[in-house]
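Okay, structure first, notes after.
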Amino acid sequence: MVKRKQQPPPEMEGTGGAEAAVEAETGIQPKRRCTKSLKTRAQMDKHNESCKRYRLKIKMRHEEKEQEIPKLKDEHQKTKMELEEYKSKIGDMGNEIQQLKRKLEAQ
């Protein structure tokens, strides 16, 4: 953790050497600001290009997913209809089984 520079006593204000003396005595360093190294134009262009490719890749993936949605909806609807058909067939078969059981019991 970087400690902030303490304010010198009012009698020492205005003297640049006095601030340095106080820093030397207390060992407190001033808070560093703007230490981020600046990128060259080529580095910024390279970074921007990679960001652009990344955004384009995400956009393409999103468009692919959007195209899949109608296909999946159709598939879901077909599966739902098949399931309803199977349920009705099961009900019909259940009725046939009951009729056959009654015929067997009657004999």
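Since every read-out is calculated from the coordinates, none of them should be taken as a lab result. Keep in mind the model is a prediction, meaning the values are calculated, not measured.
What the table below lists for this structure:
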read-out	value
Proximal lysines to residue 101, defined as alpha-carbon separation beneath 22 angstrom and excluding residues fewer than eight positions away on the same chain	87, 89
Hz values of 3J(HN,Hα) by residue in the stretch 83-91 - Karplus curve (6.51, -1.76, 1.60), Gly and Pro given as x	4, 5, 4, 5, 4, 5, 5, 4, x
Extension gain from residue 92 to residue 59, taking 0.36 nm per residue of separation minus the Cα-Cα distance	6.9 nm
